[in-house]
Structure formats: C-alpha cells, structure tokens
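> Below is the structure I would like to discuss, written out as structure tokens.
Here, each number is a calculation from the coordinates, and none is a lab measurement. Being a predicted model, the structure only gives us computed values, none of them experimental. A quick note on method: Cβ atoms are made from the backbone with ideal geometry, for glycine too, and the neighbour counts reach across all protein chains shown.
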Amino acid sequence: MVAMMPNVAFAVDEMSIEEADTLLSLQEVAVTAIKQSSRVKSLPTASTVIAGTEIERLKMVSAKNVSEVAPNVYMPEYGSRMTSSVYVRGIGARIDQPVVGLNVDNVPFLNKDNYDFDVVDIERIEVLRGPQSTLFGRNTMGGLINIYTLSPMKYQGLRVLGEYGSGNTMKAAVSYYDKLSERLAMSVSGYYTQTDGFFNNEYNGADCDTEQMGTLRWKTQWRAAENVNVENVAGVQVSRQEGYPYRSIDTDEINYNDTCFYRRTGVTDGLTVKWVQDDFTLSSISSFQYIDDNMTLDQDFLPLEYFTLTQKRKEWAVTQDVVARGKVGNYSWLGGLFGFYKKMDMDAPVTFKEYGIDQLIEAKRNEMNPTYPVEWDDETFVLGSNFKMPTWGVALYHQSELELGRWTITAGLRLDCEWARLDYRSHCNTSYTTHELLPTGELEPYKNHRVDIDDRGSIDRSFVELLPKLSVTYKLPTQNPSNVYASIAKGYKSGGFNTQMFSDVLQQRIMGLMGLSMRYDVDDVVGYDPEKSINYEIGAHIAAVDNRLNVDAAVFYIDCRDQQLTMFPDGTTTGRIMANAGKTRSYGFEMSAMYKFSERLMMNASYGLTDARFVEFDNGKTDYSGYRIPYAPRNTMFAGASYSQPLQWGWADRLTLNVNCRGVGSIYWNEDNSVKQPFYATLGASLRLEDECYSVDLWGENLTDTSYKNFYFVSIGHGFYQQGKPARMGVTLRLNFEM
C-alpha cells in the first residue's frame, strides 16, 4: 500500500527516486520513463516530483491536484471537468490546445478537455516545467505532467478506499493486484465518487455543481522474454456533472433559468512494448483514445429567455511513438518517430429564445429603422453549427548527450509536421415580418421574410516547425548528488480553429440579411496561428545534509510570439475567440525545498513568481503593451509540514499530523487589467491514524473558509465569476491486504 511506503516529499532528490524505482530489477518494473531518465533531478529542467505518502496527504487523484504544489503551475477548477486549463510561467489558454502535456503510464493524452479525471493508486507524479517540445512535441511548450500508477509486479493484494466529506461527497475505490506467474501480473481498479456540491441556483433552489463519476482501469504487465517487457493499460471513465456555478457580478447570485450540465464518457487504451539490451533500448508506445461528451449551457447565465448552447462531440484519436536509445562510452543518444491522427465530429446548436430575439436582434434592427420595425414569427429558432475536424501529424526527433567529466552537454532537435482541416456547416431556418408604422401609431404587416441559410465550407491549415534545445549541466563536487544547469529551448503550440464563434458569425449573417452590416467574416475569425516561445533558464538541484535537505531553484525568461489568448468579443456577442497577441514576455523565479529533520518531522515548501506582460498587442482599439497577461497568476505558494508519533497501542502504530497552505495571486481576468483576484491562501490539515493494514484520515481543506474567485468571464456584456469552494471536512479510510 502506498500509505506504508517511506515518506518521500514532493521535492524528492534523485537518490530517493532511484531507491523508490529500483526496489525490484529493471525487468520487473515495466513502467519506467522511456524518453527521459528516471532520475528526474539529473535533468537540466525545473521539476517537481510527488511520491510516497505526500500523494495521499494531499488527496491527489488527478493532474489538477499539482496546482500550486509545483511552483508556477496553476490548474484552477472552472465550471466543469471539460475546462482543464493549465497556466505555467505566464503562458496558458482556457480553450483548445494546452501548454502542458499529460502522460499516464507513458501514454499521451491529446485533448486537454479530457485531462480532468481521477486515478487511484498513483505511485508518482512528475511535473517538468519549461519547454519539453523537442522530445514530446506539440502542446508541451509549458511543461509535462507524468503520472505513474502502482505496478502489479511490485505489489500484490487488495486495496480499499472509502471517504465521506462536506457537500455529501463520497468516494469509494477497490483495487486488486495479482501476480499470475513470474512473468505475468494484472491489476483491476474501480473508482466512484459523487457530490451534492456547494452552490445553489437561486432560480429553482437546485444544486448546480453536483457530480457523479466512475472509472475502471485494467493494467497488464507481461515479461514476454528476459529482455522484453509489455504493458497494457485500458480505462473507461464516465462523468455526469450539473453546472455551472457562475455568479453574476451585478447581483452576486447564481441565478439562471435553463438547464446546464456536462456529460463525458472516455475510453483509453495504451500499449507499451520495451526491448532492452545492454547499451540499447527500443520502445513502442501505442494508444487509442475516445471521447463522447455533451456540454449544455444556459449561455447567458441569467433568469431570462436569452439563448442556450449544446455542444455534442465525438473524438477518436490514435498515437504511435517509436523510441530508440543507446549509449557508447560517455555518449548517449535518443531518437524517435511519432505520429498521430484524430478526428472530431461536433454539433453545436445555439437556440435563441424570445427575450434574446427581442433584445439582440429585433431591438438592434428596429433602432436602425423604426419606420418599418420587424417582429420574429417564431418564439425560438436555432443557429445550427456542425463540424468535422480531422487532424494528423508526424514528427522526427533526436537528442544527444555527451558527458565530459562533471560536465554534460545535451542537444536535441525535432521536426514537427501537422495538418488540420475544418469542414463546417452553418444553417438557420426561420422567418420574420416587417411592419409599417402607420400615422395612427398602429403597426400593419408589410412583408414576410424567410431566413434560409445553409453555409458550408472547408478550411485547411498546415504547420511545420523545427524545435531545438541545448543545455549544459555541471555536477557539483559534493557528497550528495547535486548539479547546476543552463538551457535554451524552443516551445511550440499548434494553431487551430475558432468553432465557438460560428454562432456569432451566423447571427451577424442574419443581421446582414436585415439590412445591417455583417460584423464577422468566417475567414477572418475562424483560424488562429501557432504559438512559439524561446525559454532561457538557469537552475540547480541541490542535495545536502546526507540527503535530508533538497533544494531546487530556477530563474527563467520566456520570449513568446503569437501567444494564444482566449478573448470575449465586445458588446452583446456570446462566443469566445482565440486570438494571437503579437509579442509577450515572461520572467520569474521558482524554488522548492524539503528538509527532513528526523524520521518524525519533515517540512517542504515551494514558491513561484512570474511577471508576464504584453510587449506588442494592439487589437485595433487599445494598445495593451505593458499590461499583464490575463488568467496567469503572478505568485504561487505551497508550504507543508508532517509530524509522526509512534504508538504502541497494539491496534495502531503511528499517528501523523499534516498541515499545508496553498496560495495564488494576483490574477488579472482581462487584457486591460481592470478586474483581478488578489493573492489569497487556503489552509489544509489532516490527522492520520495507521497500522500495517489500515489508515484513517480526518482532514480539512480551506479551513480558513477563504473567499476567492477562480474564474471570471463576460457574456453579452455581463460579468460572471466562479467562487472557490468553501471550507470542507471529511474522513478517509484505507484498507490494505497485501499478499
């Protein structure tokens, strides 16, 4: 059971990692890093490793839980699990492509909308900051999160988890690990969670953030030969959420009249085959991913009959990565070929209702021509949008590493090629009547107009990019393994299509038919360009005092071109648009430290500072040069302490007290920096009683009941925000029956 493993803090040194990962021979451990060293602290990159009981102390079950624990990493909770936004060192985006990659047991997840899911029995989490694009390609310009789950080759037995907490929140998990033979092991784990949530809709008194979610994972590890390891991990995840708990800035209430929810079903399968020779390794990583989801919104979030949005999507994706690595003397090399294909089918109709028709269409038209006012014939009508988006890509990459005494020089290059196509259909079928204003003041029908729009088209984009990196590492002449490094690397995030703007394009198309000028053109708003950056970094990984003190520090400067920003168009529009800022820059500092005073007492802390600003960004109305980049926090902070007291009660052998504090801010919510969330901090604590076969945790989160906003946006000219969760308490029981 992970709870019985040695105490390993989030800032674990490379010796600790080696000990944790080499309890058995390499052939018995199928899940190891394939493209990078398992000794993460030897790499010339800023990193955070979370392992051992720290994962359980912080109740980590997903990638989102690393927020703030890893400095300068922020993954807030937005309206649903679909919005898995990640911000690192001042870069990030709320929609479309991520800036941080996610691998679970070496299998990459391509769509950030599928990042937010729970995983039980996590053995280790690695967070690498700074561009990882040379080895991992598209959408890792901010970093990479690796999650490794418990191996049935290492552990055999039954694990059970049960939890109950505030908001009628319940979690339950059962995992069974069995070694069927010396060469074959399997595990099956099931997980279920539900909550009534913490926020109510004033319109009907109903809970608006309830959720039910379940996952099932089947992991197989097979040593096909003495030098061949095979691993397959299959998973199914089902999530059903109500939503969205967005408060009006004007009324400070959650108050909307139409249905909101998010439904997702996800299926993944990853096959890893690794052939190991003395100085050569050949690996293959294949994956299949499927997402079927439905986001339905009261898009105005008001108790008025404006409009609703439904976005139904099916996405299929396959990936294939072939990696070879070798070593000759003091020279090591790695090379690979990666390819992927994904296809998304999406229907995204916007339904205009009576009040929305009156305020957003009729009122504008009649203000322009009051003599011949119009009136819609239908109480509702639909702006239909259908999309098919196939995307495929191939990449060739190489990295060389030369050791010269205490110096290590690393150089790499990747050629990344990607093609994307958008096949779209925008359609609307409705009608309106023009009236004539008579001298008596009465209205007389003048003419009936049909609105029959069926626009179709295809848009192609291609992206080709070279992604180099160069780093130098110096091993310090100290008793404990320590190093300093300097690196320069190019980051890259591919371009895409603004599908969320099509309803606004179609709305303006209707306005054009009514005699008002069209505001949008498909070719102008549908596409956005890739984002590119150069990351300059100097850092150190220091271990001292017999490995009881570990310090990691880095300073960085990021020069970014065409940074992708999620923007809300002016006025009474409803969509969101991804736009490219001309030039931005970020610089900052981050540090994490762990000190183990004794076997009983351990403390750790991390801090990240980022100053991210526009250098060149003029949208035609305002020059935002010098303004802070929205959504990215200026500071992140984490501090924790753990104290264990041995017991001799017969039925319990240890009592452990854990306390931690997380801090974030300030966060600006718009380009002109007029709205922001100041810095805030939340307090957490737990008290654990444990024995060989069980543990019981009494825990609390946000014990100070700090009030804060973790999201802000504008829809049809109205501001809304999502409030952070209030104080929560609960109890967790874990049982471990090891065979």
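> Please list, by residue number, every one of the GluC sites (Glu not before Pro) in region 114-190 that is coil in DSSP and has at most 13 other beta-carbon atoms within 10 Å.
Sites meeting the loop and neighbour criteria: E182.
> Using alpha-carbon positions, what is the distance between the centroids of region 577-640 and region 158-172, in Å?
Using only Cα atoms to place each centre, the spacing works out to 34 Å.
> Could you give the nm distance between label points at Q277 and L216, where each point is 7 Å from its Cα heading toward the beta carbon?
4.2
> Report the antiparallel proportion of the DSSP beta bridges in region 86-154 as a percent, rounded to a multiple of 5.
Of the beta bridges lying entirely in region 86-154, close to 70 percent run antiparallel.
> Count the net charge of all other residues whose Cβ sits under 13 Å from the Cβ of P468, scoring Lys and Arg as +1 and Asp and Glu as -1.
+2
> Within 10 Å, at most 14 other Cβ atoms, and a DSSP state outside H, G, I, E, B define an exposed site. Report the longest part of the chain free of exposed trypsin sites (Lys or Arg not before Pro).
So the longest stretch without any such site is 1-405.
> Pairs to check: K35/K59; K171/K343; K676/K725. Give those whose C-alpha atoms are more than 22 Å from each other in this structure.
K35/K59; K171/K343
> Something else now. If the label point is 7 Å along Cα→Cβ of S674, which residues in region 614-646 have backbone nitrogen under 13 Å from it?
Once the point is set 7 Å along Cα→Cβ of S674, 622 turn out to lie under 13 Å by backbone N, inside region 614-646.
> Under a plain spin-label model, where a point goes 7 Å from the Cα along Cα-to-Cβ, how far apart in nm are Y203 and F288?
4.0
> Moving on to the next point. Return the long-range amide H neighbours of T380 (sequence gap of 5 or more, or a different chain), with a cut-off of under 5 Å between placed amide H atoms.
Here the answer is none, since no amide H 5 or more places off falls under 5 Å of that of T380.
> While we're looking at this one, here's another question. Quickly work out the T380-to-F737 label distance, labels modelled 7 Å from Cα along the C-beta direction, and quote it in nm with one decimal.
With each label point 7 Å from Cα toward Cβ, the separation is 5.2 nm.
> Would you tally the net charge around N257, using a Cβ to Cβ cut-off of less than 9 Å, leaving N257 out, and scoring K and R as +1, D and E as -1?
-3
> Continuing with this model, one more query. Can you tell me which lysines have their Cα less than 22 Å from the Cα of K364? Leave out same-chain residues fewer than eight positions away.
K353, K447
> Using the Cβ atoms and a cut-off under 12 Å, what net charge is assigned to the surroundings of V238, where Lys and Arg are +1 and Asp and Glu are -1?
0
> Taking amide H positions as placed 1.01 Å from N in the peptide plane, with prolines and chain starts having none, which residues 5 or more places from I716, or on another chain, fall under 5 Å of its amide H?
Here the answer is T573, since their amide H atoms fall under 5 Å of that of I716.
> Using a Förster distance of 35 angstrom, determine the FRET efficiency expected from the C-beta separation of M170 and D618, and round it to 0.05.
Approximately 0.10, to the nearest 0.05.
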